[in-house]
Amino acid sequence: MAWRCTGATNAELIANMAKADIIHSDRVTAAMTKVDRANYVRYANDAYEDSPQTIGYGATISAPHMHAHAVEYLLPFLKPGSRVLDVGSGSGYLSAVLYQLLEDPSDPRNKDSKVVGIEHVSELVEWSVGNLRKDGLGSALDKGQIKMIAGDGRKGLPEDGPYDAIHVGAAAPTLPKGLVEQLARPGRMFIPVGTRTQQVLQIDKDADGNVTEKPLFDVL
Ligand code: SAH
């Protein structure tokens with residue numbers, strides 16, 4: 001059900017997703033509560049609606065329940081010190097949530113945490129940086145712990161890898177090899193694959209480099 005979690009405030013939207021068992025983990029609730037979706041949409045009135053919304057350039061900010069699913073699946077790989085790639089970073093919303101999931105100022109590995117957002121519409125990259133700053137993440141950007149760049153996300157960004165977790169928001173017709181190569185050992189990727197309809201796949205790479213593929217659910 002796409003719309004049932006809509007709230008009057010950001011905190012209510014996230015609490016509704018926890019009640020509906022879309023969010024299972026307290027860590028995800030805490031991280032998503034810290035990121036105010038109003039900072040990442042074009043029309044603030046729709047910010048707390050559990051639906052995708054247009055952000056221009058033919059792109060949308062995904063529905064909150066879709067973002068929640070993605071981070072729940074990636075959660076075991078999101079820790080202080082992790083490196084994360086967000087492909088098709090659009091509004092920057094999910095990059096912010098991923099960053100909040102790595103944040104633990106009391107953990108010495110915290111300083112090595114890094115989220116890289118890659119988006120092929122350069123205007124959206126610029127807008128997403130402004131959104132992240134509005135949301136209080138200016139210092140993470142200044143320190144390079146969040147990096148938003150323009151480019152073809154299917155090629156990834158090998159120089160900042162390997163990545164403990166890769167989220168792909170832009171569906172690919174087939175699984176991009178380069179992204180699989182950039183997964184750490186161990187590492188996990190969440191990716192919609194297909195053309196007319198898509199299947200979301202979880203790609204796991206184990207400590208020995210063996211790669212397995214598990215279909216999670218279908219999306220339109
Ligand atoms: N997760 C983001 C955006 C999801 S929409 C959010 O919720 O805001 C998917 C995004 O992927 C769009 O912004 C689109 O411009 C971008 N995109 C599509 N193909 C891409 C590619 N090959 N490389 C980088 N970005 C791409």
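Using the Cβ-Cβ distance between Arg4 and Leu175 with R0 set to 22 Å, the FRET efficiency from 1/(1 + (r/R0)^6) comes to roughly 0.10.
Out of the range 124-194, which trypsin sites (Lys or Arg not before Pro) are coil in DSSP terms and have no more than 16 other C-beta atoms within 10 Å? Could you put the intermediate results ahead of the total?
On the way: sites: Arg133, Lys134, Lys143, Lys147, Arg154, Lys155, Lys177, Arg188; in loops: Lys143.
Here the sparse-neighbourhood loop sites are Lys143.
Scalar couplings 3J(HN,Hα) for the range 69-75, obtained by applying the Karplus form with A = 6.51, B = -1.76, C = 1.60 to θ = phi - 60°, are 4, 4, 6, 4, 5, 8, 3 Hz; x denotes Gly and Pro. Shown is the FRET efficiency for Ala44 and Thr212, computed with R0 = 41 Å from the Cβ-Cβ distance and rounded to the nearest 0.05: 0.45. Would you tally the net charge around Ala20, using a Cβ to Cβ cut-off of less than 11 Å, leaving Ala20 out, and scoring K and R as +1, D and E as -1? Net charge around Ala20: 0.
Close amide H pairs (under 5 Å, H built 1.01 Å from N) link Leu216 with Val200, Leu201, Gln202, residues at least 5 positions away or on another chain.
Place a +1 charge on the Cβ of each Lys and Arg in the chain and a -1 charge on the Cβ of each Asp and Glu, then give the dipole magnitude about the Cα centre in debye, rounded to the nearest 20. The partial results should precede the final answer.
Working: 23 positive and 28 negative charges, 27 e Å.
Dipole about the Cα centre, nearest 20: 120 debye.
Would you list Ser113, Ser82, Ser51, Ser122 from fewest to most Cβ contacts within 10 Å?
Working: Ser113 25, Ser82 21, Ser51 16, Ser122 12.
Final ranking by Cβ density, sparse to dense: Ser122, Ser51, Ser82, Ser113.
Sequentially through the range 13-25, phi angles give Karplus couplings (6.51, -1.76, 1.60; θ = phi - 60°) of 4, 5, 4, 5, 5, 5, 4, 7, 6, 7, 9, 9, 10 Hz, Gly and Pro residues having no value and appearing as x. Ordering Val97, Ala171, Ile61 by the projection of their Cα atoms onto the charge dipole of the chain, which places +1 on the Cβ of Lys and Arg and -1 on the Cβ of Asp and Glu, puts Ala171 at the extreme positive end.
Remark on Gly117: its backbone amide H falls under 5 Å from those of Asp86, Lys147, Met148, Ile149, a criterion applied only to residues 5 or more positions apart or on other chains, H modelled at 1.01 Å from N. Between Thr197 and Ala30, with labels modelled 7 Å along Cα→Cβ, what's the label distance in nm to one decimal, could you check? Calculated label separation equals 3.9 nm. 3J(HN,Hα) along the range 173-187, derived from phi through the Karplus expression 6.51 cos²θ - 1.76 cosθ + 1.60 where θ = phi - 60°, amounts to x, 9, 5, x, 4, x, 5, 4, 4, 7, 6, 6, 10, x, x Hz, with x in place of Gly and Pro.
Computed from the Kirkwood radius of its Cα pairs, the Stokes-Einstein diffusion coefficient for the chain at 37 °C and 0.692 mPa s stands at 191 µm²/s.
Determine the relative contact order of the range 143-194: mean sequence separation of Cα pairs under 8 Å and six or more apart, normalised by residue count, in whole percent. Write out the running numbers ahead of the final one.
Values: 63 pairs, mean separation 21.1, N = 52.
Relative contact order comes out at 41 percent.
Within 10 Å, count the other beta carbons around each residue, average over each peptide in 208-216, 164-172, and list them highest first.
Working: 208-216: 11.2, 164-172: 23.3.
Highest-to-lowest ranking by the protection proxy: 164-172, 208-216.
Values quoted throughout were computed directly from the atomic coordinates according to the rules given, and no laboratory measurement underlies them. This one's a predicted model, so the numbers in the text were calculated from it and none came from an experiment. Neighbour counts run over all protein chains shown; Cβ positions are idealised from the backbone, glycine included.
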